[in-house]
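One structure below.
Please treat every number below as a calculation from the coordinates, not as lab data. This structure is a prediction, so every number in the text was calculated from the model and none was measured. So basically every Cβ, Gly included, is an ideal-geometry build from the backbone, and we count neighbours across all protein chains shown.
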Amino acid sequence: VPVSEDASVGTVVAVLSVRDRDSGANGRVRCWVWPASPFGLEATFSGSYSLVLREALDRERVSEYEVEVRAEDGGAPSLGGRLGLRVPVSDVNDN
């Protein structure tokens, strides 16, 4: 689903669920967005994260973002996973 270029900072773009069935450090999960983009992750409750808009969008500058959400557990060695997301930006002032 496209995100409007006039969407407010803080707009939730997607909701993700991340889990690791291990206990202790092996069960602790750290998530982040890569590469740096106008999107960020906010933990909403145990194992759930919201991909939110952190800065204003400009469709004329960037019409689509390809972001990757990465997750890694606290084990040694740590194990991780990735999820690619495509976020199109819709234009509000196109005639």
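Filter segment 48-61 down to the residues that are surrounded by fewer than 17 Cβ atoms within 10 Å (Cβ to Cβ), under 17 Å from the mean Cα position of the chain (by Cα) and not in a strand (DSSP E or B) and list them by number. Within segment 48-61, 54, 55, 56 meet the criteria. Listed conditions (1) without any contact (Cβ under 8 Å) to a residue 60 or more places away in the chain; (2) farther than 18 Å from residue 9 by Cβ are all met by residue 83, apart from (1).
When residue 16 is tested against the conditions (1) farther than 16 Å from residue 80 by Cβ; (2) in contact (Cβ under 8 Å) with a residue 60 or more places away in the chain; (3) in a strand (DSSP E or B), the lone failure is (1). Comparison of 92, 67, 9 shows that the only residue that is touching a Ser or Thr at 6+ places or on another chain (Cβ under 7 Å), loosely packed, with under 15 Cβ neighbours inside 10 Å and among the β-branched types (Val, Ile, Thr) is 92. Examine segment 29-47 for a residue that is assigned to a loop (DSSP other than H, G, I, E, B) and of a type in the set (Asp, Glu), and state whether such a residue exists. Looking through segment 29-47, none of the residues is assigned to a loop (DSSP other than H, G, I, E, B) and of a type in the set (Asp, Glu).
Only one residue in 40, 74 is in contact with a helix residue (DSSP H, G or I) (Cβ under 8 Å, 6 or more places away or on another chain) and either of a type in the set (A, V, I, L, M) or surrounded by 11 or more Cβ atoms within 10 Å (Cβ to Cβ) (or both). Which one? Going through 40, 74 in turn, the sole match is 74.
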